[in-house]
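The values are calculated or read from the model by the stated rules, or taken from the named source; none is laboratory data. In this text the structure is predicted, and so the values were computed from the model without any measurement. Glycine gets a Cβ as well: all are built from the backbone with ideal geometry, and neighbour counts include every protein chain shown. We work out accessible area using only protein heavy atoms, side chains counted, and drop any ligands, DNA or RNA first. Shrake-Rupley method; radii C 1.70, N 1.55, O 1.52, S 1.80 Å.
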Amino acid sequence: MQNSLKTIFPNFSSELIATIEENGSHQDFEAGTILMRTGQYIKNTVLITKGKIKIYREGEDGGEFLMYYLQPGQACAISMICTAKSEKSQIMAKVVEDVSVMMIPLQMMDKWMMEHRSWYEFVIETYRSRFEEVLEVVDNIAFRSMDERLEFYLKRHSDACGCSEVNLSHQEIAIELNTSREVVSRLLKKMEQRGLVKLNRNQIELLK
């Protein structure tokens, strides 16, 4: 497992990886599993070694607002903050592709910040990158029309999987964009007419 961790987290020192192996616990979760719920106390920080997790906010009406995805080599900044301050989660975390993770106990976080420079740098970079990503989402909502938001949304999905196909139904997209399925279908049809996408059943292929 050490070689695997070193490959996935190349900036971690050998000493830190050995410490993670000693104190962390490896767990696997299937797609569809809810790892974190709003209002839940968080006891561990999660390092992603395989798969993909969706971080989102859930509205009172059951709607979902996508914040960002977590992939191998990453950790959730919000869970780090909640864990360190013993606060309840304000987000939901759902497995969208079968994942493997390393669970890092609460008591290790502050200790490693003092003892391992590579862990300190990883935590700071995690905060920075997630903040920039959330800021981009806020700008997208505040200053873009729905058709621009849809294009941005599809590009984020495409970038997250490193592929040109987005395997989501129009209804799933509508829930995450807080709009209706009819609006999403109409805008996608316009995008197809412009040569930006190709529409298949529960799949959207980005052409540009």
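Structural remarks
- Within the same chain, aspartates and glutamates fewer than 8 places from Lys88 are excluded, and of the rest, none has a Cα less than 14 Å from its Cα.
- Per residue, the chain reaches -15000 deg cm²/dmol at 222 nm when only DSSP H runs of four or more residues are counted, each adding -39500 (n - 2.57).
- Projecting the Cα atoms of Met67, Ile78, Ser100 onto the charge dipole of the chain (Cβ charges, centred on the Cα centre) puts Met67 farthest toward the positive pole.
- For segment 25-67 versus segment 118-169, the inter-centroid distance based on Cα atoms is 16 Å.
- Dipole magnitude for the chain: computed about the Cα centre from +1 point charges on Lys and Arg Cβ and -1 point charges on Asp and Glu Cβ, it is near 400 debye.
- All lysines inside 21 Å of Lys52 as judged from Cα atoms, apart from same-chain residues fewer than 8 positions distant: Lys6, Lys43, Lys94, Lys155
- Between the helical axis of 106-115 and the longest alpha-carbon principal axis of the chain there is an angle of about 70 degrees.
- Relative packing of 184-190, 49-55, which averages over residues the other C-beta atoms within 10 Å, highest first: 49-55, 184-190
- Heavy-atom accessible surface of the chain: percent carbon and sulfur, 1.4 Å: 48
- Tilt relative to the chain, helix 181-193 - C-alpha long axis, 0 to 90 degrees, to 10: 80
- Note that the chain presents 54 Å² accessible area per residue, ligands and nucleic acids not counted, probe 1.4 Å.
- C-alpha long axis of helix 146-161 to longest principal axis of the chain, angle in °: 40
- Each peptide in 110-121, 65-76, 88-99 gets a packing score, the mean of other Cβ atoms within 10 Å over its residues, and the list from highest to lowest is 65-76, 88-99, 110-121.
- Taking the charge dipole of the chain about its Cα centre, with +1 at Lys and Arg Cβ atoms and -1 at Asp and Glu Cβ atoms, the residue from Leu5, Gln193, Met114 reaching farthest to the positive side is Gln193.
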